[in-house]
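Structure record follows, encoded as structure tokens.
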Amino acid sequence: MFSKLRQNYRLSNILIRIAFVLAYVLYSWQTWLASAQLVKMQFGSAMFLSDSMLVAIALTSSALVGVALMFLLPLFVNLFLNVSKFHNVPRAEFTLLVHLFFVLFYFVCGSLELFNLLTPLLINWGGRLFELLVSAGCVIWFYDVTSKLYFNDVTNPYYFRNLAIVYLACAFLFGVLL
Amino acid sequence: MKKFVLILLTALLISTCALSCVAFASEGDTQNATEQTPPSQGLAEFLQALCENSGSARREFIAEQFGSALREQGVPDTVVKRPATVQNGETLLYVCNIEAFLDNGDDSDDCIVIGAHYDSVGEGANDNASGVTAMYGVLQRLAAHVSDLPFDVLFVAFDGEEQGLVGSSVYVDSQIAAPVDDVHNGVSLDSVKVMFNIDSIALGQNLYLACENKSTDLADLICAQSSALREKPYGLGVYAGIDFYGYGYYEYVQNSDHTPFRVAGVPTAAIFSGSYNALGYVDDSGVQNTSDDTFANLGNDSLGKIATVADVITRSVTDENFYDVAQNARRQLVNLNGVYNGLWVSLAVAFVLILLVVFAWLYYRKLQKRAILGTAEVKTNSVFSKPAVEEIFTFQDASEQSKPSDDNADDIFTFKK
């Protein structure tokens, strides 16, 4: 799979970035739509917004934030690689795999969140536990792929430690504190 | 394996989308409230007079009418006005709920509450003179039969709903704060089996009942009384996960006087009108909280809807199964309080995180050993201790080996590959 990705690197780059934005929209559209509804309620009759306009606003906002995240992500990846002193890792390719990690995470979580349309009972428990479990699965997959591509038995422990610290810190921050 | 996971994910996505579409299609359709009860005598006059009065005049009118309805049925006039002042930021709000208590005469404290708010923006014919009128209709019918009921009935016309559920919140707070033997009319929240709330029922396209966000026996019993009333669609619309009231989720329709009761753990049955689309509840009256919400702008079927609601509540309360269902209603509440949604979820997430940390640490030690020992096989899980030499080398049994040559280490032990 990754040899094909490397062979068609430019096409893969474009496709993965598009998939990133789409997956983010699938993941976050409900939150944006609810926010748009709250804004509409806040302004009441002073602001006329039809349902289709609300949906359009929510999808556009979601896509814009997805694009912004897509450009912000390399900054965090570079920071991680610099702090960890992984200077031998090809940054562009590694960033692309990070994008792919988020595509997988957003897609699975977004699909699971569709259950919110059927029942709201999973929102609190499901929303937080699903995301944690899915992100754990995705990060294991990401580590499995990248450790084989860029690291060996000697450098792997250091890479694993740093990746685990970053992941667990983020999981604690977003899963427990926020 | 990868293909299987991919197929599984795709199937999951497609099935969820399909189910969502089915839910939208089934719940988005409109319902014709054709089977309405003919309006009973006096309700139209009551509604019109209610719309013509406002403020304290409306309050006095309701108290007077409720009192006279009780007296006409030969029941003691128990109507009381309960004024209260509430500090809302820098503003001091004055509210005055009106209560009428029907005592069934037995020693039991069991009670149901039927409520509707009488304050409004402008004339408020739909929101909520219609609800008060329906409540008046129920009071007229139940007053004569209350001794047959296994519970008392408390009617409350709430004030200050439009200012943020002030009247109902004051009522619930006062009941919680009051000593058990000093609660209003002997009604404590623990003894309230069900709270009915009637709000804006005259103009919307359909009549809906909201109990919980799932089907309950109480909802089934009430909806069985009339085909003109149906349960609100479940799981329709977008849920922001914003917990305004401690339900664990937010829904526009739940913003009425039953909410403080529901948050306090009392089973509620809210009756309202409107319609639903794919995004959730829609107030289709077009005049909500505007100066156009007048008696003149009510529809031809408005009185029919009011009479239907009064009829449904009366028949539900007098249903032979109502008491058992009401007794069980608390057990069917969706348990979405702050502890369930906040603390336990955080603890569960923290527990999973701790597991992840432990596994990550164990795996990290294993990687470290592998890094030290090259590609040697790690046979032990005791990663916290230094590996014993037997874990690295496999020794040959001395009895099986021939006499070793002097300088050949391979004759004594073999290196793990």
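Calculate how steeply helix A:156-172 sits against the longest principal axis of the alpha-carbon atoms of chain A, using the helix alpha-carbon long axis, and give the answer as 0 to 90 degrees to the nearest 10. The two axes meet at around 20 degrees. Can you give the angle from 0 to 90° between the axis of helix A:91-113 and the longest principal axis of chain A, with both taken from C-alpha atoms, to the nearest 10? Tilt relative to chain A: about 40 degrees. Placing R0 at 35 angstrom, the Cβ-Cβ distance between B:Glu52 and A:Leu59 gives a FRET efficiency of 0.15 after rounding to 0.05. Above 30 Å, the calculated P(r) of chain A contains 27 percent of its Cα-Cα pairs.
What is the local net charge at B:Glu72, summed over the other residues whose Cβ is closer than 14 Å to its Cβ (Lys, Arg +1; Asp, Glu -1)?
Details: positive: B:Arg71, B:Arg141; negative: B:Glu64, B:Asp77.
Neighbourhood net charge equals 0.
Averaged over the residues of A:23-33, the number of partner chain Cβ atoms lying within 10 Å of the residue Cβ comes to 2.
An oblate overall shape is assigned to the range B:84-146, the ratio a/c of its alpha-carbon gyration tensor axes (a ≥ b ≥ c) being 1.5 or greater and a/b not exceeding b/c. Each other residue within a Cβ distance under 12 Å of A:Asn156 adds +1 if Lys or Arg and -1 if Asp or Glu, for a net charge of +3. Of the three principal axes defined by the Cα atoms of the range B:251-331, the extents in descending order read 42, 27, 24 Å.
Per-residue packing, averaged as other Cβ atoms within 10 Å, sorts the ranges A:131-142, B:153-164 into the order B:153-164, A:131-142, beginning with the highest.
Within the shell of other residues whose beta carbon sits under 13 angstrom from the beta carbon of B:Leu298, the net charge comes to -4, with Lys and Arg scored +1 and Asp and Glu -1. A full extension of the chain between B:Gln87 and B:Asp324 corresponds to an added length of 81.3 nm, given 0.36 nm per residue minus the alpha carbon distance. Against chain A, whose longest principal axis is taken from its Cα atoms, helix A:51-84 shows a tilt of about 20°. Starting from the Cα gyration tensor of the range B:31-334, take the square roots of the eigenvalues, sort them a ≥ b ≥ c, and report rounded, prolate or oblate (rounded when a/c is under 1.5, otherwise prolate if a/b is larger than b/c, else oblate). It comes out rounded by the Cα gyration axes.
Here, each number is a calculation from the coordinates, and none is a lab measurement. Remember, it's a predicted structure, so these values are computed and weren't measured experimentally. Positions of Cβ are backbone-derived with ideal geometry, glycine not excepted, and every protein chain shown enters the neighbour counts.
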